[in-house]
């Protein structure tokens, strides 16, 4: 009886292949991009920033019966309150020819900065869910918050001009009123820079958001919102410091253009421009350096 020996079929053994992977072009998910790439990405999100700002303006007061009218009623009521307290009771308008218009300009323009800085300081925590879920330049939410305040203040500024025209002593319209546009643009740039700085600070130390309202109140008194800087003629050091205050220069230049028929001194324009550019430049770099930390639980 013959037997056949079964042999297993020969299975070829895999041969090792040395493969090199170039990791140079790869980037860790969520890593902070270079500053120039970050600015380009921020520009790419410009449509999102605009539509987000515009939609929030339209829906901001939708639960109130008066709706968007509160954009104008808010500063009007603030102006009336300051007029009754500072103008009627405390007589702080002494020596100011058109105190009503002087006060209206101060209240309306300063409130624009107050709202922009306050909303920017809390924007990271307010959008935490979106920041954690999607990858995009976080500075876009700060930019959207500031653009929202700018858009919402367009009817406010128009109301301010109408009040200056109709309330006695009525002011005459002049081509110098057009200078209000670059003033508001520089104010917007300054607000954005300070907003970027505070957004990162509050994201690290949330209690800082509670201090913003007190700081803005102190800043209001240092900006001559409802009194003339001539009150400090007897204290030249304090007056000199106040003259370098960017928000004082915003109000000062606006009043010069709208009330005094002047474009304002070049020194005030230079101070305001330098403050705006410096705040925006430092703000974007400071905020960019913390890009990887936003939205993370500590």
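The values are calculated or read from the model by the stated rules, or taken from the named source; none is laboratory data. Since this is a predicted model, take the numbers as computed values, not measurements. Glycine also receives a Cβ, built like all others from the backbone with ideal geometry; neighbour counts cover every protein chain displayed.
If we scan segment 56-75, do we find a residue that is modelled with pLDDT of 90 or more and either in a loop (DSSP other than H, G, I, E, B) or surrounded by 17 or more Cβ atoms within 10 Å (Cβ to Cβ) (or both)? No: zero hits. Reported count of residues in segment 148-190, each being farther than 22 Å from residue 102 by Cβ and touching a helix residue (DSSP H, G or I) at 6+ places or on another chain (Cβ under 7 Å), is 7.
Would it be correct to say that residue 208 is at pLDDT below 90, surrounded by fewer than 17 Cβ atoms within 10 Å (Cβ to Cβ), touching a helix residue (DSSP H, G or I) at 6+ places or on another chain (Cβ under 6 Å) and farther than 23 Å from residue 109 by Cβ? Yes, satisfied.
Restricting attention to segment 162-183, the residues that are within 22 Å of residue 246 (Cα to Cα) and surrounded by fewer than 18 Cβ atoms within 10 Å (Cβ to Cβ) add up to 5.
Would you pick out the residues in segment 248-270 that are part of a helix (DSSP H, G or I) and within 12 Å of residue 102 (Cα to Cα)? Walk me through how you get there before you give the answer.
Taking segment 248-270 first, the residues part of a helix (DSSP H, G or I) are 248-259, 266-270.
Matches in segment 248-270: 251, 252, 253, 254, 255, 256, 257, 258, 259.
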